[in-house]
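The values are calculated or read from the model by the stated rules, or taken from the named source; none is laboratory data. Everything numeric in this text was worked out from a predicted model, so none of it was measured. With ideal geometry, Cβ positions are generated from the backbone for all residues, glycine too; neighbour counts draw on all protein chains shown.
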DNA sequence: ACACCAAGCAGCAAT
DNA sequence: ATTGCTGTTTGGTGT
């Protein structure tokens, strides 16, 4: 099932990686390497110890021993080529579209571990911006007692709008830009764009603009008010901070929500 | 140096991970697991085979056997806690700020590999937007034969302006928003914001706005022209090798050695 | 600490 | 295929 080599030689390691790749296994290499990337940009990473992750779909990821993000990577669908150049293991990874290449030179190896991995399940997520928009649709009075959200068809004729509707009494169009976190200047710009678009397309003179978010930056609020728009504070529907007690209950909660 | 376990039992694996963590080694686990994350959002990943990467700085990353991005992750600085719950290895990862938790249950293990990794060198990169802005500063005629870029201090006076200057003959202010790729609607919004800001702050009536990029989307071009701005096509220079910074010297050394 | 912005952004859905 | 936009965005820089 799994195959691990501790402190292998170049040839040994190359054979193991080649084998894993041919068998469509996932493979992790730890070693001292340097990396050259050329594609949409160019980069060079000088000698150091890293983790190299090779997936069977042609994904290749270089991780430094600290930090969240990879130092270098190649997206799924790459080709792999291994060679021994003067005692250095050279891994070339190539992508056709976009045209990119990565060259990893490994001069010392700590381990090469590989295993066939099966995974048919996908991540289930809650707490996104779409969830917040849905919450506003269900609770329109958060925006205004007079606000009535529209159906989706009416929205789509104006393009991508987070939440769209109108004021019941006046019939004025209402556009709401929803942000999951602190709304900033670009959120206001976005709202402004949408408002102008709806004004043009509908011919309505009066289009009201709102930003609904947990918070808004000072400058963004100023810009918002300058344009005659309004801010509505909206807390996310669920408490997302972790509870210390009874972690297991949460798991069963996920299960029941999965089952539905 | 390196330590690998193939198909270990729960207790064995827990001991190895604990040991790696205590020794500040980087550790990779392959196994069948499910993952619950709660923090800025919530997610649940049902049973499947994954790679788990634990770094000594408290980074924890869950990779599915395909795809570029991690399914789940915890950023640097987390605490780790291991336990055996009814024959299932439970890895709890906790972050204080922001308050987040991840719970990984591993019911089968393929390998646990760890090694102490040292890496003092950082990535050197060229071909960013800043490089393109620098190129325009050096070659202002790309924008207009009459365009004279200002020095860097003047750039920062109004905030984050990519390139700022004026027309030599008329004295009109010029603002250039630089994009490394296809300029889109948000790029035009950004330019518009900057132009309005400079108009307000400087009292200048005439402020010219440009987008300099390799390309621009259709709608973005329409919006750009509607506002009276202009587009300038700018291809990134063939050779992006900079000279000033010490770190960057490494890259130019590489390139010149490659070219021979 | 906050605000703002680029990113080899990635990935996804709608056109 | 392109466009537009979200993201547990991340990471960096300037105030």
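Descriptive notes on the structure:
- Region B:53-73 - residue that is within 8 Å of chain A (Cβ to nearest Cβ) and away from DNA strand C (no atom under 14 Å from the Cβ) and, of those, nearest to residue B:41 (Cα to Cα): B:59
- Search result, residues across region A:105-140 that are out of contact with any strand residue (DSSP E or B) (no Cβ under 7 Å at 6 or more places or on another chain) and over 24 Å from residue B:104 (Cα atoms): A:130, A:131, A:134, A:135, A:138, A:139
- Those residues of region A:41-52 which are within 7 Å of chain B (Cβ to nearest Cβ) and either in contact with a strand residue (DSSP E or B) (Cβ under 6 Å, 6 or more places away or on another chain) or not in a strand (DSSP E or B) (or both), in sequence order: A:41, A:42, A:43, A:44, A:45, A:46, A:47, A:49, A:50, A:51
Listed here are the residues, each with its yes/no results for (1) under 20 Å from residue A:79 (Cα atoms); (2) under 22 Å from the mean Cα position of the chain (by Cα).
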{"residue": "A:27", "(1), (2)": "yes, no"}
{"residue": "A:30", "(1), (2)": "no, no"}
{"residue": "A:34", "(1), (2)": "yes, no"}
{"residue": "A:39", "(1), (2)": "yes, yes"}
{"residue": "A:46", "(1), (2)": "no, no"}
{"residue": "A:53", "(1), (2)": "yes, yes"}
{"residue": "A:57", "(1), (2)": "yes, yes"}
{"residue": "A:61", "(1), (2)": "yes, yes"}
{"residue": "A:64", "(1), (2)": "no, yes"}
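- Screening region B:119-136 for residues that are within 16 Å of DNA strand D (Cβ to nearest atom) and touching a helix residue (DSSP H, G or I) at 6+ places or on another chain (Cβ under 9 Å) and picking the one that is farthest from residue B:151 (Cα to Cα) gives B:121.
- Of everything in region B:42-72 that is touching a helix residue (DSSP H, G or I) at 6+ places or on another chain (Cβ under 8 Å) and under 16 Å from residue B:22 (Cα atoms), the residue that is surrounded by the most Cβ atoms within 10 Å (Cβ to Cβ) is B:54.
Residue-by-condition table, conditions (1) exposed (fewer than 14 other Cβ atoms within 10 Å of the Cβ); (2) without any contact (Cβ under 8 Å) to a residue 40 or more places away in the chain:
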| residue | (1), (2) |
| --- | --- |
| A:29 | no, no |
| A:40 | yes, no |
| A:74 | no, yes |
| A:86 | yes, yes |
| A:92 | no, yes |
| A:98 | yes, no |
| A:119 | no, yes |
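- Taking (1) within 11 Å of chain A (Cβ to nearest Cβ); (2) more than 14 Å from DNA strand D (Cβ to nearest atom); (3) more than 30 Å from residue B:22 (Cβ to Cβ) in turn, residue B:187 satisfies each apart from (2).
- Counted residues, region A:145-156 - those being modelled with pLDDT of 90 or more and under 15 Å from residue A:178 (Cα atoms): 1
- Residues that are within 12 Å of another protein chain (Cβ to nearest Cβ) and either more than 26 Å from residue B:64 (Cβ to Cβ) or at pLDDT below 95 (or both), drawn from region A:9-26: none
- If you go through region B:160-180 and keep only what is within 18 Å of residue B:129 (Cβ to Cβ) and surrounded by fewer than 13 Cβ atoms within 10 Å (Cβ to Cβ), you end up with just B:160.
- Residue that is nearest to the other protein chains (Cβ to nearest Cβ), among those in region B:126-157 that are within 13 Å of DNA strand C (Cβ to nearest atom) and surrounded by fewer than 17 Cβ atoms within 10 Å (Cβ to Cβ): B:128
- Tallying residues that are assigned to a helix (DSSP H, G or I) and without any contact (Cβ under 8 Å) to a residue 24 or more places away in the chain within region B:192-226 yields 9.
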